[in-house]
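Take a look at the structure below.
Every number here is computed from the coordinates shown, using simple stated rules; none is lab data. What you see is a predicted model; the values in this text were computed from it and never measured. Neighbour counts are summed over all protein chains in view; Cβ atoms, including those assigned to glycine, are modelled from backbone coordinates with ideal geometry.
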Amino acid sequence: MNKKDKIIFIAATAFLFLSLFVFSALFDDRILSKASFTATLTIELLLYLGYIIYLLRKHFSAGKRAKERRMLRHGATMTATLKHIEGLPIAQGVPVEVYYGPEKVVFKKDKQEISIARSKITGIDCVTGKDIKSRQLAGAATGKYLLGGMTGAVIGSLAATTTYLVISYTSDGRDKYVMLDTAASGTFALKLQKDFKKHDTSAPSSIEL
């Protein structure tokens, strides 16, 4: 909500309560009939609610346009905010904006942006804390996500029933990963996993023995 809308909202709210006070006094003094009081109150409330709906629609429309601009700037097809667990030069537990696109995955926190080229990504998996703890340093049975660098403190902090998004990639000849908490991100992580699997060209579609 911009400054102008805030001023109008405050003025409209003040006017509503002031008019209710005045009309209530007139009604109590029998200057205003019950029918007139009810009609006036109904009209004022409808106008006020209409203005609130207008402000909400304006706010959400502006937010949607801003989100679309950010996605376009990062070349993303999907975006969500997830909590960082491990793998980025960002504090653990900090919310991070994730932008996923055909060319790269971008992690943004305030003015800091970190990107991983899609060509370097070897796997995107959704895995529970229980599964990570049971395998610990061994990695997944599928071999798609590598957690060899995870510390015991991080492993101990994982919630067993929480689903984590693990993005595995290679950099400087080493296997690395980024882990994010998917809570409150809806189906974003599952969509990423599905899309990556669909367009992954790192593994051959046919093998000749």
Check: Just checking, how many residues over segment 89-115 are surrounded by 20 or more Cβ atoms within 10 Å (Cβ to Cβ) and under 18 Å from Ser171 (Cα atoms)?
Finding: 3
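The rows are residues; the columns are (1) closer than 30 Å to Lys111 by Cβ; (2) more than 40 Å from the chain's Cα centre (by Cα).
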position: Lys3; (1), (2): yes, no
position: Ile8; (1), (2): no, no
position: Phe21; (1), (2): no, yes
position: Ile31; (1), (2): no, yes
position: Leu45; (1), (2): no, no
position: Ile53; (1), (2): no, no
position: Leu82; (1), (2): yes, no
